[in-house]
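Working notes, structure below.
The values are calculated or read from the model by the stated rules, or taken from the named source; none is laboratory data. Please read all numbers here as calculations on a predicted model, not as lab measurements. Cβ placement follows ideal geometry from the backbone for every residue including glycine, while neighbour counts extend to all protein chains displayed. Just so you know, the surface numbers come from the protein's heavy atoms only, side chains and all, with ligands and any DNA or RNA stripped out. Shrake-Rupley method; radii C 1.70, N 1.55, O 1.52, S 1.80 Å.
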Amino acid sequence: MPWLISRCDQQGSQWPCRGLLHRRELRRQGSVTSAVMVFVRTNPFQLDQPQYRNSVVVPLARPTDDTREIAQAAAQGLQAIFLAGYRYQKAGVMLLDLSADSNRQLSLDETPQSDYDRQRSQRLMVTVDKLNRELGRDAVRLGLPRQGNAWALRCNRRTPRYTTRWEELVRVKS
């Protein structure tokens, strides 16, 4: 069954992008989240396979609607509960403790600089949402390019990096 995942790296760059639609909706509503729940489970109907299910709640430092912070928390949660050797059928992310951004409770350690960073982050997320709306779903997303993409990084004509990489140092045999 091709949809079953058995290694954490099989999800690759897809993992942070899962649930992107929910985060976009979160910003459209003017809401923020304070925690992220990550869950995984195997197929409960395949009794011949080992069974496993688990979930973890990752609290965020402060309420946010920033895709980068939510994706980082989701990846942290996945690393905490993922066990190798199981064939996972389902994995997901839930946003918890939603509240309106206008009613956001400030923490004691927030400063005007962090307010500036928050505004900068909001501008970035608005830009990402606008580009995705105009250019099509997932035109701009988090993560690294997948193997085999036409626009993936190609290094056939790259100059040697022997001044910075030991493994590319020229070896001379006599």
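For the reader, a short list of remarks on this structure follows.
- Take the Cα of SER99, step 7 Å toward its Cβ, do the same at GLN76, and the gap between the two points is 1.9 nm.
- A full extension of the chain between GLN119 and SER174 corresponds to an added length of 13.6 nm, given 0.36 nm per residue minus the alpha carbon distance.
- Virtual spin-label span in nm between ARG87 and ARG165, 7 Å along Cα→Cβ: 3.7 nm
- Probe 1.4 Å, all protein chains present, accessible-area order of GLU168, GLU25, GLU134, largest first: GLU134, GLU25, GLU168
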